[in-house]
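J.: One structure coming up, written as structure tokens, with questions to follow.
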Amino acid sequence: MNGNFITNVALAVLILLAGQVCAQSDQHYTLFMYNKLLYNPAYTGSRDVASVNAVYRDQWDGINGAPKTVSVSADGPVGSYMKAFRKVAIGLSAGNEKAGVENNTILKAYYAYRIRLKKSVLSFGLSGGANLYSAGYSDLNLYQQNDPNFSYNIKNAVLPNFGAGAYWYSNKYYAGFSVPNLLEDYYDKKEVKINNKIARQIRGYYLSGGYVFRLNEIIEIEPQLLARYAVNSDYRLPFNCDINITAIA
């Protein structure tokens with residue numbers, strides 16, 4: 001790595017609005033700034049080098065059925081390394097999310113086409129992949145027995161999906177807009193008539209941005225924001241937003 005040694009220290013994470021939707025296909029990461037590829041395909045290759053990223057999140061450790069999320073991704077520009085700027089970039093990611101009786105594995109491929117501007121880069125990206133989803137609802141210990149919403153299991157349902165995004169960035173700022181999952185498919189098509197409100201993927205719109213401010217010759221700070229709006233959500237708060245401030249020395 002060229003340049004000074006960079007240490008990222010998370011100073012504050014402010015959650016302005018927190019909400020959940022009745023069904024969700026997007027993984028949630030508190031430290032969203034460390035792998036923007038997972039929610040914006042246009043981020044592919046933006047570091048101009050081959051990159052590998054791994055994230056693990058263990059929420060409420062020690063509690064049976066608590067959410068656990070893991071993901072691994074790799075991306076980079078393609079073409080001769082002798083070129084000053086390579087327009088095309090590709091990437092891959094694999095992730096798994098477990099919460100209670102639900103198990104969701106996500107595999108995706110990414111493609112981005114980048115346009116060099118005067119002092120920045122504008123990138124357009126596409127992603128394609130599938131979710132492999134399982135849920136053992138019949139294993140739950142229900143307060144209300146014989147509830148039809150929890151009387152069945154889903155085994156290895158394959159849900160193909162694709163996404164799109166745009167990403168504008170320089171060494172001082174970035175702004176992005178993306179829709180990681182454009183399709184809203186049912187997790188179990190056989191149960192649509194009974195569970196059409198809780199067994200469907202939800203399309204989310206993501207808006208992100210950040211700017212680097214120099215405090216002195218040694219320290220810089222970078223406030224960053226990730227806002228998400230879930231379309232067709234039956235929950236009263238379909239919007240949520242995370243704000244983070246990172247110190248760079």
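The values are calculated or read from the model by the stated rules, or taken from the named source; none is laboratory data. Quantities reported herein were computed from a predicted structural model and do not represent experimental measurements. Note that each Cβ is placed from the backbone with ideal geometry, even for glycine, and that neighbours are counted across all protein chains shown. Surface accessibility is based on the protein's heavy atoms, side chains included, excluding ligands, DNA and RNA. Shrake-Rupley method; radii C 1.70, N 1.55, O 1.52, S 1.80 Å.
J.: Determine if segment 44-56 includes at least one residue that is at pLDDT below 95, open to solvent by less than 40 Å² (accessible area, probe 1.4 Å) and of a type in the set (Asp, Glu).
T.: Checking segment 44-56: not a single residue is at pLDDT below 95, open to solvent by less than 40 Å² (accessible area, probe 1.4 Å) and of a type in the set (Asp, Glu).
J.: I've got another one for you. Between 130, 109, which is free of Cβ contacts under 8 Å to residues at least 24 places away in the same chain, open to solvent by less than 50 Å² (accessible area, probe 1.4 Å) and within 30 Å of residue 174 (Cα to Cα)?
T.: After applying the criteria, what remains is 109.
J.: Considering 157, 166, which residue is closer than 24 Å to residue 69 by Cβ, part of a strand (DSSP E or B) and at pLDDT 80 or above?
T.: 157
J.: Test residue 99 against the criterion of being farther than 27 Å from residue 223 by Cβ, open to solvent by 20 Å² or more (accessible area, probe 1.4 Å) and at pLDDT below 90, and give yes or no.
T.: yes
J.: Any chance you could count how many residues in segment 136-154 are part of a strand (DSSP E or B) and either farther than 16 Å from residue 97 by Cβ or hydrophobic (A, V, I, L, M, F, W, C) (or both)? Full working, then the answer.
T.: Within segment 136-154, the first condition is being part of a strand (DSSP E or B), and the residues that meet it are 136, 153-154.
Now drop any that are not either farther than 16 Å from residue 97 by Cβ or hydrophobic (A, V, I, L, M, F, W, C) (or both), which leaves 153-154.
Looking only at that region, the number is 2.
J.: Would you point out the residue of segment 200-214, among those that are at pLDDT 90 or above and open to solvent by 30 Å² or more (accessible area, probe 1.4 Å), that is farthest from the chain's Cα centre (by Cα)?
T.: My answer is 214.
J.: Hey, any hits in segment 77-86 for a residue that's out of contact with any Gly (no Cβ under 9 Å at 6 or more places or on another chain) and crowded, with 16+ Cβ neighbours inside 10 Å?
T.: No; the residues of segment 77-86 include none that is out of contact with any Gly (no Cβ under 9 Å at 6 or more places or on another chain) and crowded, with 16+ Cβ neighbours inside 10 Å.
J.: Related question: Looking at 80, 138 in this structure, which one is among the hydroxyl-bearing types (Ser, Thr, Tyr) and either at pLDDT 90 or above or in contact with a strand residue (DSSP E or B) (Cβ under 6 Å, 6 or more places away or on another chain) (or both)?
T.: 138
J.: Here's something else I'd like to know. For segment 31-43, give me the residue count where each residue is open to solvent by 30 Å² or more (accessible area, probe 1.4 Å) and either among the aromatic types (Phe, Trp, Tyr) or under 15 Å from residue 109 (Cβ atoms) (or both).
T.: Filtering segment 31-43 for residues open to solvent by 30 Å² or more (accessible area, probe 1.4 Å) gives 31, 34, 38.
When the remaining residues are screened for being either among the aromatic types (Phe, Trp, Tyr) or under 15 Å from residue 109 (Cβ atoms) (or both), the result is 34, 38.
So the answer is 2.
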